[in-house]
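See below for the structure under consideration.
The values are calculated or read from the model by the stated rules, or taken from the named source; none is laboratory data. Just so you know, these numbers come straight off a predicted model, no measurement behind them. So basically every Cβ, Gly included, is an ideal-geometry build from the backbone, and we count neighbours across all protein chains shown. Calculation scope for accessible area: heavy atoms of the full protein, side chains included, ligands and nucleic acids excluded. Shrake-Rupley method; radii C 1.70, N 1.55, O 1.52, S 1.80 Å.
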Amino acid sequence: MSVGIGTVVKVGIAQMDVVTTPNTIRTSGLGSCVGVVLYDERKKIAGLIHVMLPDSTLGKVVPGNVAKFADTGIEAMIELLLKQGVQKFSLKAKIAGGAQMFKFSSDQSSMRIGPRNVEAVKQALRKSGIRITAEDTGGSSGRTIEFDPETSKLMVRTVNQGVSEI
């Protein structure tokens, strides 16, 4: 790989990964799911997790995949970044997704996965003392996000709404 030309590391649903500059990290298919980027501006390193569900304790079985849930996934991502030499106090977060993809006739909170995912992510970040510097959440459209640890910018491509940077 030549200097200055990075690779795009792709993160699937209920997965997580870490990149350093010049690489970028991307996930697509964020409907009710939430993409959480934890990054260190000075070290130019970032982790991305594609959170599918709010809480690992809601399931009937012991969660095998920690990245699937907001509560276990964010904790695991922090641990991964600490192993890379990042100090917890230097981490910041950007989040996107959590759309309400379908209209339901009932107002059952169990159907509101998107908003519940956003709240669970925020709660997990608060608990860990990590500040959210930007977010693009809610609405009813899917998103693809890509983070560049060099610039600390998160590109958000929203279905039928174009691209923005946060």
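Quick look at the values:
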{"read-out": "Filtered residue count, segment 54-108, keeping only those that are of a type in the set (A, V, I, L, M) and either at pLDDT below 90 or in a loop (DSSP other than H, G, I, E, B) (or both)", "value": "7"}
{"read-out": "Scan of segment 117-156 for residues that are under 14 Å from the mean Cα position of the chain (by Cα) and open to solvent by 40 Å² or more (accessible area, probe 1.4 Å), ordered by number", "value": "Glu119, Lys122, Gln123, Arg131, Ile132, Thr133, Glu135, Thr137, Asp148, Lys153"}
{"read-out": "Positions within segment 33-53 being surrounded by 23 or more Cβ atoms within 10 Å (Cβ to Cβ) and not in a strand (DSSP E or B), in sequence order", "value": "Cys33"}
